[in-house]
1. Among the residues of segment F:72-89, how many are at the interface with another protein chain (Cβ under 7 Å from one of its Cβ atoms) and under 15 Å from F:Val53 (Cβ atoms)?
2. Output the residues belonging to segment E:121-130 that are surrounded by fewer than 24 Cβ atoms within 10 Å (Cβ to Cβ) and either among the polar types (S, T, N, Q) or more than 12 Å from chain C (Cβ to nearest Cβ) (or both).
3. Spot the failing condition for F:Pro43; the list is (1) closer than 17 Å to C:Phe129 by Cα; (2) not assigned by TED's automatic domain parsing to the domain that holds F:Glu113, and only one is missed.
4. Restricting segment B:27-43 to residues that are farther than 15 Å from A:Arg122 by Cα and free of Cβ contacts under 8 Å to residues at least 12 places away in the same chain, which is farthest from the other protein chains (Cβ to nearest Cβ)?
5. List, please: which pairs have Cβ atoms under 8 Å, are six or more places apart or on different chains, and start with a residue in segment E:61-81 that is closer than 14 Å to E:Val104 by Cβ and in the same structural domain as E:Asn112 (by TED's automatic domain parsing) and end with one that is among the charged types (D, E, K, R) and outside any loop (DSSP other than H, G, I, E, B)?
6. What tally of residues in segment E:86-130 results from selecting those that are under 20 Å from F:Leu117 (Cβ atoms), of a type in the set (D, E, K, R) and in a helix (DSSP H, G or I)?
7. What do you reckon, is F:Leu62 buried (at least 16 other Cβ atoms within 10 Å of the Cβ) and not in a loop (DSSP other than H, G, I, E, B)?
8. Could you look through segment B:3-49, keep only residues that are in a helix (DSSP H, G or I) and in contact with a Ser or Thr (Cβ under 9 Å, 6 or more places away or on another chain), and pick out the one that is surrounded by the most Cβ atoms within 10 Å (Cβ to Cβ)?
Number of protein chains: 6
Amino acid sequence: MPIFGLIEYEQASPAARAVFDDIMLTRKVDRINNFWKALANHPPTLARIWENVKQVMGPTRLDALTKEMIYVAVSATNNCEYCLHSHIASARKLGMDDEMLSEVLAVAGLANETNRLANGYRVPVDEAFR
Amino acid sequence: MPIFGLIEYEQASPAARAVFDDIMLTRKVDRINNFWKALANHPPTLARIWENVKQVMGPTRLDALTKEMIYVAVSATNNCEYCLHSHIASARKLGMDDEMLSEVLAVAGLANETNRLANGYRVPVDEAFR
Amino acid sequence: MPIFGLIEYEQASPAARAVFDDIMLTRKVDRINNFWKALANHPPTLARIWENVKQVMGPTRLDALTKEMIYVAVSATNNCEYCLHSHIASARKLGMDDEMLSEVLAVAGLANETNRLANGYRVPVDEAFR
Amino acid sequence: MPIFGLIEYEQASPAARAVFDDIMLTRKVDRINNFWKALANHPPTLARIWENVKQVMGPTRLDALTKEMIYVAVSATNNCEYCLHSHIASARKLGMDDEMLSEVLAVAGLANETNRLANGYRVPVDEAFR
Amino acid sequence: MPIFGLIEYEQASPAARAVFDDIMLTRKVDRINNFWKALANHPPTLARIWENVKQVMGPTRLDALTKEMIYVAVSATNNCEYCLHSHIASARKLGMDDEMLSEVLAVAGLANETNRLANGYRVPVDEAFR
Amino acid sequence: MPIFGLIEYEQASPAARAVFDDIMLTRKVDRINNFWKALANHPPTLARIWENVKQVMGPTRLDALTKEMIYVAVSATNNCEYCLHSHIASARKLGMDDEMLSEVLAVAGLANETNRLANGYRVPVDEAFR
């Protein structure tokens, strides 16, 4: 049950529709995901987050697949169901297979364990790491 | 301030020392990080976690650098200072430069933001993602 | 699927019923939310949490609406679906409109991002802030 | 660096001093921990939290040591340095030795790992568990 | 909606089947929980996590029930629905009744509150705790 | 110990310097906080986060003080020491006194407790809230 309704293209404000258009153009797709339809309830947030996603997830030094896998690992850590599904879908399009997804989840899981052990034992940072 | 003292090689029990030896052999290094010295207070945990790290972080489908960067992103999410320093150090040895580290942190940061927006709006998962 | 059944007024123990009565009297409502019905499985927790909520959320220096919006921001951060729905409902009764809710979620989202960047870069606290 | 100064017994307001007295009487100690000195900046919170701690951590069905170990596990999960130190100290007084502490941290660590795997794989709850 | 399908015994690879056999033998049960069926999509993770669970949750210094209750407290903290259901089921088999479960959740809840107060006030660790 | 050095105005790249100038102009201050000096190691992130902060924290429907207090509550939840100090400083400038800060932390603390109780009991959302 969403907190806000999903705004379809037809009902969207001109500002939201401009973002929808840019999303479809940039991603070369002809449909809009629910995340953006939900944010369209607040066009400034819709535009801001889309600009962020375009910049951070767009072509830079790290390849797009690595970024999507990092996204999946953080989303598993935070238990964001929507984000898991959407970023796993994106990563699969970029070439992630089942084996790779399982490895991403294994690293994320292990990091969550050792994070708690390092914090629980209050391990001092090694001089060599500073 | 650690909760337990750090166990140096000389004081370590035979079980802990065997793990220390395997760490140095596997990683081709001649010193042991504080994390392992802290875990040496409980040899079964030391041996268990080292086996996990060897399996998960060792050579598999995903390359070692990608795994270390995922580790950094999760550690930033959980605010594990020790893990950040140690896994950033490992990733740097594998070729991560400042630009790449900044991008890892940028993706982790953005994922933490959109995770909360997706959860806050309770966005329903798109049929296309299932 | 709840872990415990919901305890309705009729089945509630005298101790739980006394809390239910106080909730309805204090809030001038004639129904009890599921959260309290679930806690009624353990009357000491029911009474304790209600006393806490009455004190913290009751009239003090910060106005009630500000408090409810803080509650929403924390609940989005922790992904508590129940808490999001119930505190958004409370905040709406106190005057929060859609624009304001979107802004609360935007601040919460951004804070989650910059929290990870500040932690990830291990930014030292400025002398001026101490 | 604390956000607020620590309020010593001599400077404390009558309301805060009454709580300090009750803490020392209840716990049969003659000093007050920093946590309570910090909360003394806001006497209603000091009194409220002390009442909660007395009720939840006091003698009930679960023994005091089990409760303290649960507290340690949650504090390691949330990375609360103060809470780790104070509840480890309390648990040690109640009989927790180094072996037991290491086991608490091992369970907490493993739970954090499997929590992420269960969430990451979106494992459906077994009928048998409902 | 799972991310991966659940692997039944009949479809499982020999490596996964060996783990399934060991789970049923060790636990003296004749069915496999969904968590393991999901991990069977990646046999190395299935085998690794099962070895961890066997070691950490098996008979050691802390009794099995205490460990399961710690697991429940961490899972409530992280909001892992699956883990809550499965570890509450395990704890019940070992003797946890409704009263005890409510107390576990009360300690976990209170710890989450005081963790934030200790961190929010940046309370310095008492000399006596070091 | 920062992961990156802090970039002072004099060493900053033209792109970073332009953001520094805009920060000082917008905020009518003549110094730059460490957070921005750390981000200046990666000018695209520096510019992006500043644009986000300007939009989200700037004058909109919610007043600036409410936003800063929400920021503090989320930062206490995530244990971001830097963010706590910097946003408490900002909120104080906008009129938050000690009483109000204590109330913000009290609401954040309580929300973290009830979030875990609602999740731990798996309380179903009331029809009335949907």
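The values are calculated or read from the model by the stated rules, or taken from the named source; none is laboratory data. Keep in mind it's a predicted model, so treat the numbers as computed, not measured. Heads up, the Cβs are rebuilt from the backbone with ideal geometry, glycines too, and the neighbour counts pull from every protein chain shown.
1. Counting residues in segment F:72-89 that are at the interface with another protein chain (Cβ under 7 Å from one of its Cβ atoms) and under 15 Å from F:Val53 (Cβ atoms) gives 7.
2. Of everything in segment E:121-130, those that are surrounded by fewer than 24 Cβ atoms within 10 Å (Cβ to Cβ) and either among the polar types (S, T, N, Q) or more than 12 Å from chain C (Cβ to nearest Cβ) (or both) turn out to be E:Pro124, E:Val125, E:Asp126, E:Glu127, E:Ala128, E:Phe129, E:Arg130.
3. Answer for F:Pro43: the failing condition is (1).
4. For segment B:27-43, the residue satisfying everything is B:Lys28.
5. E:Lys67/D:Glu103; E:Ala76/F:Arg116; E:Thr77/F:Arg116
6. Total satisfying the criteria: 6.
7. no
8. So the residue we want is B:Leu39.
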